[in-house]
1. Which of the peptides 263-275, 292-304 is most tightly packed, and how do the rest follow, going by the mean number of other Cβ atoms within 10 Å of each residue?
2. Given Cα pairs under 8 Å that are at least 6 residues apart, what percent is the relative contact order of the range 227-279?
3. How about the range 40-120: which chymotrypsin sites (Phe, Trp or Tyr not before Pro) there lie in a loop by DSSP and see at most 11 other Cβ atoms within 10 Å?
4. Report the Cα centroid-to-centroid distance between the range 24-71 and the range 120-170 in angstrom, as an integer.
5. Any chance you could check the Cα centroid distance between the range 242-262 and the range 188-219 for me, in angstrom?
6. Name the most mobile residue of GLN212, GLN127, GLN16, meaning the one with the largest mean-square fluctuation, in a Gaussian network model of the chain with Cα contacts below 10 Å.
7. From Cα pairs below 8 angstrom and at least 6 apart in sequence, can you work out the relative contact order of the chain, rounded to a whole percent?
8. List the aspartates and glutamates whose Cα lies under 17 Å from the Cα of LYS244, skipping any in the same chain that are fewer than 8 positions away.
Amino acid sequence: MAIGQSNLDSIEALFQQKKYKKAETIIETYLETHPNNLEAIELLGDAFGHQKKWNEAIDAYEKLVDADDDNANYHYKYGGVLGMKALENKFKAIGFIGDIKSSFTKATELDKNHIPARWALVELYMQLPGIFGGSKSKSLKYAEELERLSTVDGYLAKGYVYEYDNKPELAEKYYKMAIKEGGSLTCFNKLTDLYESENEPEKAIKNIEKAQQKHQRNALHYQIGKVSAEYNVELQKGEQCLKKYIKNYSEEDGVPKAWAHYRLAQIHAHQKNKAEALKYIDLAIAELPKIKPFKDQKEKILHL
């Protein structure tokens, strides 16, 4: 039996609302009378995963793999939660590596078009030490497979490999290729993050401005202000962007206005404008009084 469409829709709605515990309860009740419903078991595993209940998610996905060994997505999800469990307990991680590799590899063998499993293998082989099977060449192999399936994903994967391998010029090359090919915010963000990690804030700001020209997102105004404040560069531009962000703010922008006020306080502190810096940090603290960086910044401003 399949879950009724209305029930399925309600579970998906709960996931979107991040009400994972409620979804878990509903699915478990359903499974009491339909214990072998694979769709329900998968949703239960998803609910556990969202709550970082890795052991319970592992049990759920293991049931799926045992019930249908030819389902690529089951193997992918099983490998994914094993990976999260390994990250949580690095002392036991060695024991999971073989199963993680085999699960992701099986997913790619079962589904020649499974992009997430190939991404997982790109990241896994780069992050593993050589003694445990880490391999840049294997990562690049799966990046090539990704490129055949999705040019943008292939470029992003290669950018990731070279960034992780401390070859920023090659990483930059492939991230730029991804931007030219796809131009999504994800592509722009990868290049911005690279520039920040390489201490090149001016390049980061220029890249964010290009993203803003293409996507017209208010959140990008905050990103420019953040880079400006953190690296003490292009302060006037940073201040203007943060004020635009605050003026046009909506909850969809993600970052609370308090953080924009905090960045404005940083900018004025760089400029030794103590009164203005205090004004903005007090606004930030009034909105979010428990944030430690805000309190630390106020102490710095008071000592200007």
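1. On the way: 263-275: 19.4, 292-304: 13.8.
Answer by packing, highest mean first, reads 263-275, 292-304.
2. Details: 41 pairs, mean separation 18.6, N = 53.
Relative CO of the range 227-279 lands at 35 percent.
3. PHE91
4. So the separation of the two Cα centres works out to 31 Å.
5. Using only Cα atoms, the two centres lie 18 Å from each other.
6. GLN16
7. 7
8. GLU209, GLU234, GLU252, ASP253
Every number in this text was worked out from the coordinates using simple rules, so none of it is lab data. Just so it is clear, the structure is predicted and the values come from calculations on it, not from any experiment. Reconstructed Cβ throughout: ideal geometry from the backbone, glycine too, with neighbour counts over all protein chains shown.
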